[in-house]
Amino acid sequence: MDRLRVLLIYPSKFRVTGLPIGLTSISAVLKQEGHEVKIFDTTFYELDSQVSEPQLRADMLMSKRITDEDKWLYKNNSDMKEDLISLIHDFKPRVVGISILEPNYGISLLLSRLIKSTFKDILIVAGGVFPTLSPEVVISEDSIDIVCLGEGETSVKELCNKIAGNEPYIHVDGLWIKDKTNIYRNKNTCLHNLNELPFPDFSDLDERLFYKPMQGKLFKMVNIETSRGCPYICSYCAAPKLKMFYRENTDSSYYREMKMEKVFEQIHYQIDRHSPEFLYFSSETFLAMDDRDFAAFIHGYKAIRLPFWFQTRFETIIEERLQALKDVGMYWLTIGVEHGNEEFRRKVLKRHYSNESMVKAAHILKKIGIGASLNNIIGFPFENRDLIFDTIRLNKQLWQINNKLEINVFLFTPYRGCELYDICKENNLLSDRLEFGTGVLSDESLLNFSDEYRQELKGLLKAFNMYVKLPEQLYPDIKIAENPDAEGAAMREALAKQLQSH
Ligand code: B12
Ligand code: SF4
């Protein structure tokens with residue numbers, strides 16, 4: 001069998017840093033088979049926005065401004081298309097794989113069309129959450145030859161081995177493959193055992209991708225995969241549909257945990273290769289682990305001595321666990337509040353926990369002396385200003401308990417494959433502004449709201465942290481700060497100063 005050259009594309013934008021596990025896991029598997037892999041990353045090119053993700057978050061008073069951003073997250077000064085073409089000329093890949101999330105589908109098409117029109121013989125494979133949940137959309141695109149549904153490690157390995165061995169590949173599991181007359185829709189029957197996969201290979205990624213802001217400073221971080229999937233069913237997230245996809249196709253559970261001994265093997269492996277200053281445990285709900293694994297984690301981590309952070313759910317915040325985690329290096333965590341009205345949260349978002357449990361968790365975090373980012377979303381269907389104020393009030397209550405909490409707020413985006421996307425569609429709520437590639441980090445709602453309400457949402461996004469952190473006597477001024485005019489801008493500036501001195 002020959003060695004195959006495979007180029008993997010990470011079509012990310014806005015200088016959103018952090019390491020992609022899916023793409024690098026595929027890279028590791030291909031290298032294990034002896035193939036040669038390179039990665040082309042679009043994160044640092046000047047694309048549709050001048051503003052980086054960290055800068056945008058600081059502008060919205062969510063997090064501290066990074067002072068040395070340009071030193072670490074500087075933009076490329078070359079042309080993305082020219083760089084890609086020249087890389088392909090030099091590397092001469094037989095296969096190009098693109099990892100696609102819905103907000104990145106627009107840029108993915110730009111690149112796949114460019115490649116197809118310049119290098120006709122290259123086979124282009126699209127994989128990731130978006131192709132998995134919308135395969136018909138992706139397979140209908142002329143520049144894409146193959147769509148990978150679900151986890152791609154085994155499918156891509158088989159595809160590349162067959163191409164390298166000059167064997168027919170139209171029946172490889174998990175791939176939808178086009179030839180001149182047909183589309184072969186092969187089912188994905190494989191959900192991987194995390195203990196049997198090689199560790200993600202980050203060695204071909206741009207060094208800048210490793211840097212994540214933490215309290216206004218950038219740290220070199222490495223992701224450690226501990227689980228895949230999520231047991232919950234939130235209506236605005238892709239995880240429940242992915243769970244259904246795997247249940248129907250493989251009859252197994254999407255949510256899987258890696259054995260603790262394997263987690264530690266991975267930690268040592270990545271530390272040896274990348275010397276990180278911080279670790280990020282890549283799991284949708286890190287503290288979903290049982291008591292035995294938790295005890296093993298605490299015991300094993302004592303020797304690691306690196307600060308770490310993770311994301312989890314409010315239900316998993318238990319004082320004894322958090323204290324034990326802090327004692328071994330936990331620095332920060334991220335938790336989803338998402339909405340402040342219990343009934344709305346339960347009925348529309350399908351998140352079942354009480355506000356009281358969040359208040360209790362905020363007290364625990366305060367007692368332990370640990371900070372956390374709270375994620376919120378506004379601009380849902382069936383929401384209004386009053387309901388948004390329930391979210392503001394809950395965050396205010398939590399922040400007053402623990403002012404180390406960082407309050408994040410994002411605009412709801414209806415991604416295909418999420419239950420709320422279908423609900424918006426049924427209710428004729430999707431606007432014609434909804435195109436692939438829109439929505440990410442935007443303040444422009446993609447729902448069919450009135451112009452007035454869309455403007456109101458923009459104002460509320462900017463003012464959210466002010467409402468949460470400044471006294472209620474200032475609410476009339478904050479209302480002025482919501483306005484898009486010069487008076488609003490001046491008021492925002494004045495209030496932002498007050499907030500900083502608070
Ligand atoms: C970790 C994570 C991130 C990381 C890494 C992102 C990445 N591209 O890997 C960071 C923090 C950077 C991130 C950012 C964002 N994310 Co995110 N993220 C996740 C999360 C929680 C886990 C992803 C993961 O690592 N899964 C485990 C790996 C193994 O699975 P995987 O990545 O899907 O890869 C497998 C397959 O998809 C396939 N595959 C993937 N790529 C390829 C490529 C080829 C060629 C092939 C053949 C196969 C293949 O094989 C892989 C290995 O098995 C998911 C939730 C989820 N359940 O997926 C959301 C999720 C992917 N994120 C989402 C979104 C919206 C975003 C943001 C836009 C958020 C924002 N507002 O800023 C940004 C955009 C990022 C960008 N790069 O532009 C959405 C995507 C929705 C959609 N329908 O596309 C998800 C699904 C969450 C949700 N809301 O439903 N995210
Ligand atoms: S939002 Fe988080 S907790 Fe809810 S289903 Fe998605 S990954 Fe799981």
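Laboratory data are not the source of any read-out in this text; all were calculated from the coordinates shown. In this text, all values refer to a predicted model and were calculated from it rather than measured experimentally. In this analysis, Cβ positions are derived from the backbone assuming ideal geometry, glycine residues included, and neighbour counts consider all displayed protein chains.
Determine the alpha carbon to alpha carbon distance for each of K187/K259; K31/K178; K241/K350 and list only those over 23 Å.
K187/K259; K31/K178, as the Cα separations exceed 23 Å there.
How would region 43-185 be classified by its alpha-carbon gyration tensor: rounded, prolate or oblate, with rounded meaning a/c under 1.5 and the a/b versus b/c comparison settling the rest?
prolate
Between region 480-502 and region 361-401, what is the separation of their alpha carbon centroids in Å?
21 Å
Given K326/K469; K347/K462; K212/K479; K212/K404; K367/K469, which pairs have Cα atoms separated by over 22 Å?
Cα-Cα > 22 Å for K326/K469; K347/K462; K212/K479; rest within.
At E343 and A296, where each label point lies 7 Å from the Cα along Cα→Cβ, what is the point-to-point distance in nanometres?
Label at E343, label at A296, 4.5 nm between them.
Greater than 29 Å separation of Cα atoms is the criterion. Which listed pairs, K162/K220; K38/K425; K425/K458; K116/K243; K116/K217, meet it?
From the list (K162/K220; K38/K425; K425/K458; K116/K243; K116/K217), the Cα-Cα distance tops 29 Å for K162/K220; K38/K425; K116/K243; K116/K217.
Once you keep just the Cα pairs under 8 angstrom separated by 6 or more residues, what percentage relative contact order results for region 227-301?
Relative contact order here is 35 percent.
Using alpha carbons only, how many angstrom separate the centre of region 193-249 from the centre of region 272-294?
Cα centres, region 193-249 to region 272-294: 11 Å.
Under the classification rounded if a/c is under 1.5, otherwise prolate if a/b is larger than b/c and oblate if not, where does region 194-247 fall, given a ≥ b ≥ c as square roots of the Cα gyration tensor eigenvalues?
It comes out oblate by the Cα gyration axes.
How large is Rg over Rh for the chain, taking Rg from the Cα atoms and Rh as the Kirkwood inverse mean of 1/r across Cα pairs?
0.96
Give me L84, L194 sorted ascending by neighbouring Cβ count inside 10 Å, so fewest comes first.
Placing the least packed residue first, the sequence is L194, L84.
Using a 7 Å offset from the Cα along the Cα-to-Cβ direction at both K31 and D121, what is the distance between the two label points in nm, to one decimal?
2.7 nm
Once both labels are modelled 7 Å past Cα along the beta-carbon direction, what's the R185-L430 spacing in nm?
With each label placed 7 Å out from Cα toward Cβ, I get 1.8 nm.
For region 226-469, what's the relative contact order in percent, using C-alpha pairs closer than 8 Å and at least 6 residues apart?
In percent, rounded to a whole number, it is 17.
With a cut-off of 8 Å between alpha carbons and a minimum separation of six or more residues, what is the relative contact order of the chain in percent?
Answer for the chain is 13 percent.
Along each of its three principal axes, how wide is the spread of alpha-carbon positions in region 226-469, in whole angstrom units, largest first?
The Cα atoms of region 226-469 stretch 56, 47, 33 Å along their principal axes.
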